[in-house]
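Chemist: Starting off with a structure, shown below.
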Amino acid sequence: MAGNLNVAYNWVISKCNDPNVGYSQAYREGQIVDGIEYYDCSSLMSAAVWEAGFYGGAPNPWFATFTEEAELNSVGFTSMTPNQEWKPGDILLSNRREHTEMVYQGRRTMGAHSSSYPLPDQVSINDWDSSPDQWDILLRYEGGGVTLDWIAEDRYLTQAEMENNATIVYYFYSGQFINVNTIAALLGNMQAESTLSPVLSERGGGGGYGLVQWTPQSSLIDHCNILGLSPYSDGDVQLQVILSEVRNRPGVEEWYSSGAFISPYYNSGATADMINVTGDAFLQNTMGWDPGKLAILFMAAYERPSYDPSVNHYQARMENARKWYEYITGLPPEPPDPGVPTNTKLPIWMYGRIL
């Protein structure tokens, strides 16, 4: 049964980042007791591959370490020696120690560790490197680790598909040191505009296209030509164009935050302190704003949709942004201290992408 390793990998990250997930053998099947969701090392891996569709419609087998290799072999994982390069999404198994974890990045692993640790550390991404001699078997799906490929369809994407593309956006922009709250704000607007599909054509007319629904589509094409980027339909290209437009690079200026542009959106969540905030300040979140407020700023200064709150869906943009913040950090969004940029809890592997 074909599964999606990206989903399994991101699911484990989300559980590791969730402060209300702990370790238990008694409640290992994801039971929630007193507000805490529990797994042990092997049940976390079992739940991850089940959530990712490897078992199709069959129930979660909740395998243990002594049945894990056979179970994973049966759904397409290959048993290999751990004495080689590890790839994100590989699953490591030690029969000697009756323990299993997933590879996060390099020699860093993540998983359910022990109930003897403080709750935040029981299910977590390790902050130290592991060694091949600690493991007996490496299980790899289809010859490779996690890959990040855009889902580009001219239709509304499903939640799982949006999460795939959101991971790419986060990976791309965090590599450019864009503030995490700002990335969530961008994702909130992209969901409202295109469900994060880089090739979506506007439904119902209007001529919009792509992640942020450039209108007309020719404006995206023209800006790609000015910036020397192609093809315009590529998600990575569109992310680069957005950065240049927000920064008002010559010939592709799209960021307008004067009072004339912000004030018409006062009935849609905009506030006077958004006036004259620069594109670079937005990207770095030097104001220390939460994802919802940043989503409104991006809507007013860049997207510039209808002034009518019932049409521009400003509340959905704010809510989307806060949910994406929760997705990409594993923590509920909280307003940071005023004036303190928030750029923490970024997974290490997100820094690896190079333009």
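The values are calculated or read from the model by the stated rules, or taken from the named source; none is laboratory data. This one's a predicted model, so the numbers in the text were calculated from it and none came from an experiment. FYI the Cβ positions are ideal-geometry reconstructions off the backbone, even for glycines, and counts take in every protein chain you see.
Chemist: Select from the range 68-78 the residues that are more than 17 Å from ASN6 (Cα to Cα) and crowded, with 21+ Cβ neighbours inside 10 Å and list them in ascending order.
Modeler: Selection gives GLU68 alone.
Chemist: Report, ordered by the first and then the second residue, all pairs with beta carbons closer than 7 Å, sequence separation of six or more or different chains, a first member in the range 264-289 that is more than 21 Å from PRO305 (Cβ to Cβ), and a second member that is of a type in the set (Val, Ile, Thr) and part of a helix (DSSP H, G or I).
Modeler: Between residues of the range 264-289 that are more than 21 Å from PRO305 (Cβ to Cβ) and residues that are of a type in the set (Val, Ile, Thr) and part of a helix (DSSP H, G or I), the close pairs are ASN285/THR182.
So that you can scan it fast, the table gives a plain yes or no per residue for (1) modelled with pLDDT under 95; (2) among the β-branched types (Val, Ile, Thr); (3) under 25 Å from the mean Cα position of the chain (by Cα):
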residue	(1), (2), (3)
GLY235	no, no, yes
SER244	no, no, yes
GLU254	no, no, no
ASN267	no, no, no
THR278	no, yes, no
THR286	no, yes, yes
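Chemist: Test ARG140 against the stated conditions and say whether it is modelled with pLDDT under 95, surrounded by 16 or more Cβ atoms within 10 Å (Cβ to Cβ) and basic (Lys, Arg). Walk me through it before giving the result.
Modeler: On the way: modelled with pLDDT under 95: no; surrounded by 16 or more Cβ atoms within 10 Å (Cβ to Cβ): yes; basic (Lys, Arg): yes.
Criteria not met by ARG140.
Chemist: Specify the residue that is surrounded by the most Cβ atoms within 10 Å (Cβ to Cβ); the eligible residues are those in the range 107-118 that are outside any strand (DSSP E or B) and either of a type in the set (Phe, Trp, Tyr) or without any contact (Cβ under 8 Å) to a residue 60 or more places away in the chain (or both). Talk me through it step by step, then tell me what you get.
Modeler: Kept after step one, since they are outside any strand (DSSP E or B), are these residues of the range 107-118: 107, 113-118.
Still in the running and either of a type in the set (Phe, Trp, Tyr) or without any contact (Cβ under 8 Å) to a residue 60 or more places away in the chain (or both): 107, 116-118.
Values: ARG107: 15, SER116: 8, TYR117: 13, PRO118: 8.
Taking the candidates together, the pick is ARG107.
Chemist: Report yes if some residue within the range 201-214 is without any contact (Cβ under 8 Å) to a residue 40 or more places away in the chain, part of a strand (DSSP E or B) and in contact with a Pro (Cβ under 9 Å, 6 or more places away or on another chain); otherwise report no.
Modeler: yes
Chemist: For the list (1) under 9 Å from TRP135 (Cβ atoms); (2) touching a Phe, Trp or Tyr at 6+ places or on another chain (Cβ under 6 Å), I need the number of the one condition that GLU71 fails.
Modeler: Condition not satisfied by GLU71: (1).
Chemist: Still on this structure: Select from the range 143-173 the residues that are farther than 19 Å from TYR209 by Cα and of a type in the set (D, E, K, R) and write down the one among them that is surrounded by the fewest Cβ atoms within 10 Å (Cβ to Cβ).
Modeler: Among residues in the range 143-173 that are farther than 19 Å from TYR209 by Cα and of a type in the set (D, E, K, R), the one surrounded by the fewest Cβ atoms within 10 Å (Cβ to Cβ) is ASP149.
Chemist: For the range 97-135: of the residues being touching a Pro at 6+ places or on another chain (Cβ under 7 Å) and under 20 Å from LEU5 (Cα atoms), which is modelled with the highest pLDDT?
Modeler: Top of the filtered list is VAL103.
Chemist: Please count how many residues of the range 225-238 are free of Cβ contacts under 8 Å to residues at least 60 places away in the same chain, surrounded by fewer than 21 Cβ atoms within 10 Å (Cβ to Cβ) and assigned to a helix (DSSP H, G or I). Break it down stepwise before answering.
Modeler: So in the range 225-238, the residues free of Cβ contacts under 8 Å to residues at least 60 places away in the same chain come out as 225-232, 237-238.
From what's left, surrounded by fewer than 21 Cβ atoms within 10 Å (Cβ to Cβ): 225-231, 237.
Restricting the remaining residues to those that are assigned to a helix (DSSP H, G or I) gives 225-227, 237.
Adding up the residues that qualify gives 4.
Chemist: Being crowded, with 20+ Cβ neighbours inside 10 Å and within 21 Å of ASP133 (Cβ to Cβ) narrows it down to one of THR100, THR65, THR81, so name that one.
Modeler: Details: THR65 fails: crowded, with 20+ Cβ neighbours inside 10 Å; THR81 fails: crowded, with 20+ Cβ neighbours inside 10 Å.
Criteria check complete, one pass: THR100.
Chemist: Select from the range 119-141 the residues that are outside any strand (DSSP E or B) and under 21 Å from ALA8 (Cα atoms) and write down the one among them that is farthest from the chain's Cα centre (by Cα).
Modeler: In the first step, residues of the range 119-141 are kept if they are outside any strand (DSSP E or B); the result is 119-122, 130-136.
Applying the additional criterion that residues be under 21 Å from ALA8 (Cα atoms) yields 120-122, 130, 135.
Details: PRO120: 21, ASP121: 22, GLN122: 23, SER130: 25, TRP135: 29 Å.
Looking at residues that are outside any strand (DSSP E or B) and under 21 Å from ALA8 (Cα atoms), I get TRP135.
Chemist: Give the residue that is farthest from GLU71 (Cα to Cα), with candidates limited to residues of the range 84-97 that are among the charged types (D, E, K, R) and surrounded by fewer than 23 Cβ atoms within 10 Å (Cβ to Cβ).
Modeler: Start the filter on the range 84-97 by keeping residues that are among the charged types (D, E, K, R), which leaves 85, 87, 90, 96-97.
Checking the rest, the ones that are also surrounded by fewer than 23 Cβ atoms within 10 Å (Cβ to Cβ) come to 85, 87, 96-97.
Details: GLU85: 23, LYS87: 20, ARG96: 18, ARG97: 19 Å.
The residue in question is GLU85.
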